[in-house]
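Chemist: Got a structure for you, questions after.
The values are calculated or read from the model by the stated rules, or taken from the named source; none is laboratory data. Predicted model, so just to flag it, every value in this text is computed and none were measured. Cβ: placed from backbone, ideal geometry, glycine included. Neighbour counts: every protein chain shown. Areas reflect the complete protein model, heavy atoms only, side chains present, ligands, DNA and RNA absent. Shrake-Rupley method; radii C 1.70, N 1.55, O 1.52, S 1.80 Å.
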Amino acid sequence: MYVMPKWFARFIVTLCLVICLLTGPTAVAYTAGSAADSTADRAVDQTVAQAVDGAVDRAVGYLLSKQLPDGSIGGELYARHPAVAGLVGLALLA
């Protein structure tokens, strides 16, 4: 029976988190001067945006820390695998 390595499971979770955070409701831009936006809503939006930015920065740092000296991404089982490098590349472009 195949058991997925812990680092790869963390990588997939991090990748999914980054994609969800970048495409979720916080990615919607508000129109300037809208009457529906209150000061409290803007404060919450800024707090959420800062939290998202922090999470994305940590996720990018994690992905880059898994890069091997030859530029490939992976570990023991998936070292130098083009699919893993492609997924990481897409996550970094997002």
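Chemist: For the range 65-72, does any single residue satisfy the condition of being under 15 Å from the mean Cα position of the chain (by Cα), open to solvent by less than 80 Å² (accessible area, probe 1.4 Å), under 18 Å from Val13 (Cα atoms) and modelled with pLDDT under 85?
Modeler: The answer is yes; a qualifying residue exists.
Chemist: Of the residues in the range 6-21, how many are open to solvent by less than 60 Å² (accessible area, probe 1.4 Å) and modelled with pLDDT under 75?
Modeler: Qualifying residue count for the region: 2.
Chemist: Let me ask you something else. Taking Ala43 and the conditions (1) open to solvent by less than 60 Å² (accessible area, probe 1.4 Å); (2) at pLDDT below 75; (3) among the hydrophobic types (A, V, I, L, M, F, W, C), which numbered condition does it fall short on, given that it satisfies the others?
Modeler: (2)
Chemist: Pairs please, first residue from the range 56-82 and on the phi > 0 side of the Ramachandran plot, second anywhere and crowded, with 16+ Cβ neighbours inside 10 Å and part of a loop (DSSP other than H, G, I, E, B), Cβ atoms under 6 Å, 6+ apart in sequence or on different chains.
Modeler: Arg80/Ser72
Chemist: Kindly indicate which of Val48, Val88 is open to solvent by less than 70 Å² (accessible area, probe 1.4 Å), touching a strand residue (DSSP E or B) at 6+ places or on another chain (Cβ under 7 Å) and at pLDDT 80 or above.
Modeler: Values: Val48 fails: touching a strand residue (DSSP E or B) at 6+ places or on another chain (Cβ under 7 Å).
Exactly one residue qualifies, and that residue is Val88.
Chemist: Now a separate question. Quick check on the range 73-85: of everything there that is more than 22 Å from Leu22 (Cα to Cα) and among the small types (Gly, Ala, Ser), which residue is surrounded by the most Cβ atoms within 10 Å (Cβ to Cβ)?
Modeler: Across the range 73-85, the extreme among qualifying residues is Gly74.
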